[in-house]
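Report on one structure; see the data block that follows.
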Amino acid sequence: MKHNTDYHLPASMRWIKGGVTAAEGFVANGVSAGIKLSRKPDLALVLAEKPVTAAGIFTKNRVQAAPVLISKQRLRLGQSRAVLINSGCANCLTGSVGFKDAKALGAALAESLKIPEGEILLASTGVIGRRLPVSRIIRHISQLIETASDTHHTQAAEAILTTDLKPKEVALEVKIGKQRFRIGGMAKGSGMIAPSLATMLCVITTDADAEAGYLRALLRRFCESTFNRITVDGDMSTNDTVFALASGRSGVSTRNATMHKHFAQALRTVMERLAVLLVEDGEGASRLMEVRVTGAKNSRQALACARQVANSPLVKTMLASGDPNVGRIAAAAGASGASFDIEDLKITIGPAVVVKRGAVCRFDRAAVREIMRQASVTIGVHFAAGRFEESVLSCDLSEEYVRINGSYRS
């Protein structure tokens, strides 16, 4: 996965502004409904002008929030009209009352929009075990709808944040001859980021015409190489959700073989960029770390090793301090279950070789420290056991992470 901001896009693509409202047929908004103690924006809406194709994927955690279970069921129709997201309360571990609360919010929104309740998708993020202030939220639904527009995409992106420091939104325009379509997205996630099909809350919109099954298949496929290749702290959330909505307003059909190819490439690019933004804004993070494993016996072992190193608190704190304590990398690699001969093990930090033939070699520690102080660092692990390779994007682990999570409140 590309982890720098210098994306070399094909001539047919360009980054544009607009987030989830860059695609035709969508408006959005975000307001403060009093869920958070801070009174920051905490209620977001992404609304389609007409019913649109909808698909989604969710956390694999066995403990799942009420909105996850409700949205899973509603997506069986393959159609939606609106996504309602709240921050400040995960509505998880709330039992039957959590389902009642979530459905009450969906029903209130559906009544205000005069649409079927089944066309409302729901998502929540925040503190687990706390009930939603339903009546308080319902009082703000009219405001949320009345002021929704195609210019309020950032308000929506801000309203879904928890410990995030900044909103995360992207939009891409694709032009093929005289045809044009757009894909936009917003995401939240700063902690509890680990592979789980999604790893955060995300809404992606497009004005291309796409069937629900096709959209779902692409989401699953590309999540494996984007959202499933990032980690901040190794903890899997209970609320992870990715929604994709397709309005078809551009007139471009993904049933066309050429457009299918371009749409798939653009969707992956948007998801890849959002994944990088999540790690860049990881709780307490000061730099990115890509762990790249090569020469593995198979892809499963390569990925297991990359994740083991990327999630190692000792490796992550090593990166935070800028000290090349390379034994930590080797120990994590050895604990991953990957098969290799110690005499073939090679480890690199940036371009510098720090372990060769299974032993720490002489290297310029001052130069490596400078490499580790850069905004992005690549750690390489080579086994010479096969031809497979995988990579995982992570970040350092700082005292700030402990401070944020030791006193987390919404």
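Laboratory data are not the source of any read-out in this text; all were calculated from the coordinates shown. These numbers come from a predicted model, not from an experiment. Glycine gets a Cβ as well: all are built from the backbone with ideal geometry, and neighbour counts include every protein chain shown.
General observations
- Check on residue 33, hydrophobic (A, V, I, L, M, F, W, C), crowded, with 24+ Cβ neighbours inside 10 Å and in a loop (DSSP other than H, G, I, E, B): yes
- Out of 171, 102, 159, one residue alone is under 20 Å from residue 80 (Cα atoms) and either of a type in the set (Ser, Thr, Tyr) or touching a strand residue (DSSP E or B) at 6+ places or on another chain (Cβ under 8 Å) (or both). It is 102.
- In summary, residue 85 fulfils each of the numbered conditions (1) surrounded by 16 or more Cβ atoms within 10 Å (Cβ to Cβ); (2) touching an Asp or Glu at 6+ places or on another chain (Cβ under 8 Å); (3) not aromatic (Phe, Trp, Tyr) with the single exception of condition (2).
- Verdict on residue 90 being under 30 Å from residue 214 (Cβ atoms) and not polar (S, T, N, Q): no
- When residues of region 251-275 are limited to those that are buried (at least 20 other Cβ atoms within 10 Å of the Cβ) and polar (S, T, N, Q), the one farthest from the chain's Cα centre (by Cα): 254
- Residues being out of contact with any helix residue (DSSP H, G or I) (no Cβ under 6 Å at 6 or more places or on another chain) and either β-branched (Val, Ile, Thr) or touching a residue at least 24 places away in the same chain (Cβ under 8 Å) (or both) - total across region 336-354: 10
- Selection count, region 201-225, where residues are among the acidic types (Asp, Glu) and buried (at least 17 other Cβ atoms within 10 Å of the Cβ): 2
- Qualifying residues in region 365-377 (those that are closer than 13 Å to residue 326 by Cα and out of contact with any helix residue (DSSP H, G or I) (no Cβ under 8 Å at 6 or more places or on another chain)) - the one surrounded by the fewest Cβ atoms within 10 Å (Cβ to Cβ): 365
- If the condition is being in contact with a Lys or Arg (Cβ under 7 Å, 6 or more places away or on another chain), under 15 Å from residue 369 (Cα atoms) and not in a loop (DSSP other than H, G, I, E, B), then region 320-353 contributes only 353.
- Members of region 142-156 found to be among the aliphatic types (A, V, I, L, M) and in a loop (DSSP other than H, G, I, E, B), listed by number: 148
- Scanning region 72-81 turns up one or more residues that are closer than 19 Å to residue 238 by Cα and either among the aliphatic types (A, V, I, L, M) or surrounded by 24 or more Cβ atoms within 10 Å (Cβ to Cβ) (or both).
- Per-region count, region 36-47, residues of a type in the set (Gly, Ala, Ser) and surrounded by fewer than 24 Cβ atoms within 10 Å (Cβ to Cβ): 1
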